[in-house]
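Worksheet for the structure shown next.
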Amino acid sequence: MATHLKNALTHLNDWNHQLIFADSPFEYPFLRCVEVTMNKQIEGWLFDAYPVAGGMVVWLLDGEGRAHQLRDTLTTSFFVWGERGELHTLCEQIRAARLPVQLKRAERYDLFQRATLELLEIVVSDPARVANIVKTVTRFNPNLTYYNCDISSAQLYFYERNVFPLAPVRVEVNEQNQICAMDVHESPWELNYALPPFKVMTLKLEGDLLNPNHGVRAPLEVGLDDSTRVLVDDDPREMLLRFQELLVAYDPDIIVSAWGDSFILPRLIELARKYRVPLSLNRDATRDIQFRPARSYFSYGRIVYKTASHVLCGRWHIDRENAFLIDDYGLDGTFELARITQVPVQQVARTSTGSGISAMEMATAYRNSWLIPWQKREPEAWKTADELIASDKGGLVFQPIVGLHEEVAELDFVSMFPTIMEKFNVSPETVNCPCCGDVRVPELGYSICRKRRGLIPETLAPLIEKRVRYKQLARELPKDDPLRELYKRRASAHKWLLVTCFGYLGYKNARFGKIEAHEAVNAYGRDALLIAKEIAELRGFRMLHAIVDSLWIHKANARNEDYAEITRAISDATRLPIQLEGIYNWIAFLPSRQDPQMPVANRYFGVFRDGEIKMRGIEARRSDTPPFLRRAQVEMINVLATAKNRAEFLERARDVLLLTLDLLDRLHAGQIPFADLVISQHLSREPQAYKTNHLNAIVAKELLGRGVNLAAGETIRYVITEYRARAPSDRARAVEHLDGLYGYDAARYAELTARTVTTLFSALGVKQTAIQKRLDLARQLPAARPRPALPSPQMELPLFAWQTQQTYRMNRARVFA
DNA sequence: TACAGTCGGGG
DNA sequence: GTGTACGACTGTA
């Protein structure tokens, strides 16, 4: 996961405070009947569920914060379809192997075959053995078709009991803590829900959140409520004992860590083994920590590295450095995802939203008793270039008209692709159905089923609705209301589910994917954008730019009613909701850098009438841009944002250049801290595999030389120390190993600064050389304006600050030697 | 100039 | 438990 340094530097404890428990109090209806029984009732939130021999362990957290470990049974089935004789043979093999299963005949609907099949049902009543039984049976005859055979026990348990993680439940348990009955009285689609009073422990290494796997050493810092303890120790055994004491005494429900998966937990476990100290990371002492090794995989055309994971039993461990998009939607978003996807919290935190939407599709199928196909893990076959183009004729783009435009309106279709799937019933099994010929997809002519509601639309409908309602609620609340942020984070989690849903339709390996459905969605989308364009132009607007689901239009002196009318007309004509994102005082569509005559889509910035700034594709939006440059560019746009029109924009250019000069002065004076100059990039391969000596390769090799094992897909962070140095190793340095001997290369960062300024004026045809010339001239004229005295020697300030920190660190960093 | 390597978009 | 894209852009040789 890409981690922005800004986020990384935020203290975990602060971050943890984002958690909001501000929902309505948790109340149960009055209990009317009193039964004479030895059973007791527990009310609380469903916290976790996992298989053990003979059944499931189920954890509940009650309103007082107590954790209850309960047991439940779980009987599930998987299905086999094939030729009668082969099924018969399979049954005999299963009987001969004395597998603990029950065999039945069953009928179930297969979406893709559009038929009810007669199948062999294999019933298993020990969830811990399902995986092995499936393995054995499929090995007997791999050529048969298997269904419902690769769903996790936890998910099946949630489906069977009709519950979800964090659902408020009332259970009845006997004296052995066996669950006899479970009542859930809340829907996962409830907007306002209460969460249990979690006890949270944070774990990190003291200091900045640098990657400990890249060679940084620091003592362990444990956060509990508002206090922080640093476990400094020369004696690891003593340190472990103190940590264990804290664990037992505080008994946290959640351990939130930074680098816990890849570093802290494995070290603690290893030390505990070595020194024979008990370590109660799991609440359930009978279970081992669930370990999954690190791996690299492809996603969105790039390689991603995922560190090993350590999943706990009876307690959650969430590593914010190894949690998918958690910086985006926080713990609130993660909890929301767990509730609506019915995937346990620790899993949902670590996997992409792609598997989240896939889980929701499975739940829909399960609810309807439709067969769930086995997900093959075969890598997708290589496609030729032609095939790629043919199958991926994606969204429609109209190139922008380069320049600085005044009074531009942006219209956006709301959640365009998900809405298309839902409204037009696009689903893998509804496209090209044999039964309906009267509904045709534009351009393609595919038919769409009218008789059956599709799996995807059924899955998406409540999600789309909930997201819209959260966005609406957030809009209505005042800016400082904490609930507003909560709603926004939940809506953001939904957004990612919706976005990946479309992607998954076109992915061959997806359980419910079909390329024709993907194409159909795209075709509806292109059609809608074209209709919107026509409607706008008929009303005298000029279209400046359009991309997939947004369009930018201009008409001098257009009134609010005009915009209201046009959005209504487009919504009516396309049957898709479209809204006015806003009206820009001005917006700059930037030219290509390689060919200044050419426009590029998605490189623009502008200011709405309410003062809000929107930018895409420019340096400040890129994750590899150092914070110094990002802030510099944002500051400059802030200066420009005070301009109401083109003329004022031009007037502000002077102020932007003055601001730039100040920044350059500070840069050359050595006043910028290293942390602000860090470049953060992904490695697409292992360090040795690089052919050229660019900075990434140099730093990767430096780390390698220090014994750091770097995998493809990992992120490295470095500062440019001497860009044009003869010896490559002098050119840049990993942040983890910057020391007092190095300063940053002010000249190089100055060049980059000039480039970020140039971007802002490129729509006016201004070249970097022109900007550079002016900046150089101004810097040579110190008398022209007051400037701060340069400290001497140049690097004194940050050097001093850094050294003290280093010394401090080295003196204390003994724990994980 | 050719080639190598990385990033964003979506909201 | 996962999208082998695409084009823009920067940098090296």
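The values are calculated or read from the model by the stated rules, or taken from the named source; none is laboratory data. Owing to the predicted nature of the structure, the values given are computational and were not obtained by experimental measurement. Heads up, the Cβs are rebuilt from the backbone with ideal geometry, glycines too, and the neighbour counts pull from every protein chain shown. Areas reflect the complete protein model, heavy atoms only, side chains present, ligands, DNA and RNA absent. Shrake-Rupley method; radii C 1.70, N 1.55, O 1.52, S 1.80 Å.
What about A:R731, is it within 16 Å of DNA strand C (Cβ to nearest atom) and open to solvent by 30 Å² or more (accessible area, probe 1.4 Å)? Criteria met by A:R731.
For segment A:759-767, state whether one or more residues are within 14 Å of DNA strand B (Cβ to nearest atom) and not hydrophobic (A, V, I, L, M, F, W, C). Yes: segment A:759-767 contains one or more residues that are within 14 Å of DNA strand B (Cβ to nearest atom) and not hydrophobic (A, V, I, L, M, F, W, C).
Considering only residues of segment A:479-491 that are open to solvent by less than 20 Å² (accessible area, probe 1.4 Å), touching a residue at least 24 places away in the same chain (Cβ under 8 Å) and within 15 Å of DNA strand B (Cβ to nearest atom), which is farthest from A:R339 (Cα to Cα)? Per the stated criteria, the residue is A:A491. When A:R367, A:R320, A:R315, A:R339 are screened for being surrounded by fewer than 22 Cβ atoms within 10 Å (Cβ to Cβ), away from DNA strand C (no atom under 13 Å from the Cβ) and not β-branched (V, I, T), only A:R367 passes.
Is it true that A:G713 is more than 16 Å from DNA strand C (Cβ to nearest atom), of a type in the set (G, A, S) and in contact (Cβ under 8 Å) with a residue 12 or more places away in the chain? Answer is no for this residue.
Only one of the numbered conditions (1) of a type outside the set (A, V, I, L, M); (2) closer than 26 Å to A:Y157 by Cα; (3) more than 16 Å from DNA strand B (Cβ to nearest atom) is violated by A:S257, and that is (2).
A quick yes/no check of all residues on (1) assigned to a helix (DSSP H, G or I); (2) open to solvent by less than 30 Å² (accessible area, probe 1.4 Å); (3) in contact with an Asp or Glu (Cβ under 6 Å, 6 or more places away or on another chain); (4) under 30 Å from A:N432 (Cα atoms):
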site	(1), (2), (3), (4)
A:I94	yes, yes, no, no
A:A106	no, yes, yes, yes
A:I133	yes, yes, no, no
A:R139	yes, no, no, no
A:F164	no, yes, no, no
A:Q176	no, no, no, no
A:W189	no, no, no, no
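State whether one or more residues within segment A:631-640 are under 21 Å from A:I720 (Cβ atoms) and open to solvent by less than 30 Å² (accessible area, probe 1.4 Å). Yes, that holds for at least one residue.
Annotation: of all residues in segment A:671-711 being surrounded by 15 or more Cβ atoms within 10 Å (Cβ to Cβ) and of a type in the set (G, A, S), the one that is farthest from DNA strand B (Cβ to nearest atom) is A:A675.
Inside segment A:573-606, can you point out the residues that are among the small types (G, A, S), away from DNA strand C (no atom under 13 Å from the Cβ) and open to solvent by less than 30 Å² (accessible area, probe 1.4 Å)? Scanning segment A:573-606 gives A:G582, A:G606.
Among the residues of segment A:483-532, just one is over 22 Å from A:F424 (Cβ atoms), part of a helix (DSSP H, G or I) and either in contact with a His (Cβ under 8 Å, 6 or more places away or on another chain) or within 14 Å of DNA strand C (Cβ to nearest atom) (or both), namely A:W496.
Can you name the residue in segment A:141-162 that is of a type in the set (A, V, I, L, M) and part of a helix (DSSP H, G or I) and, of all such residues, is surrounded by the fewest Cβ atoms within 10 Å (Cβ to Cβ)? Of everything passing the filter in segment A:141-162, A:A154 is surrounded by the fewest Cβ atoms within 10 Å (Cβ to Cβ).
When A:R287, A:R237, A:R276 are checked against the criterion of being within 22 Å of A:V52 (Cβ to Cβ), open to solvent by 10 Å² or more (accessible area, probe 1.4 Å) and of a type in the set (K, R), A:R287 stands alone in meeting it. In segment A:412-433, the residues that are away from DNA strand B (no atom under 16 Å from the Cβ) reach residues that are among the hydroxyl-bearing types (S, T, Y) with C-beta atoms within less than 7 angstrom, at least six apart or across chains, in these pairs: A:F424/A:Y524; A:V431/A:Y446; A:N432/A:Y446; A:N432/A:S447; A:C433/A:S447. Is it true that A:H668 is within 9 Å of DNA strand B (Cβ to nearest atom), under 25 Å from A:R748 (Cα atoms) and either of a type outside the set (A, V, I, L, M, F, W, C) or touching a strand residue (DSSP E or B) at 6+ places or on another chain (Cβ under 6 Å) (or both)? Judged against the criteria, A:H668 is not a match. When A:F263 is tested against (1) in contact with an Asp or Glu (Cβ under 8 Å, 6 or more places away or on another chain); (2) closer than 24 Å to A:A734 by Cβ, exactly one condition is not met: (1).
Restricting attention to segment A:641-662, and to residues there that are open to solvent by less than 30 Å² (accessible area, probe 1.4 Å) and under 37 Å from the mean Cα position of the chain (by Cα), which single residue is farthest from A:R755 (Cα to Cα)?
Here the answer is A:A643.
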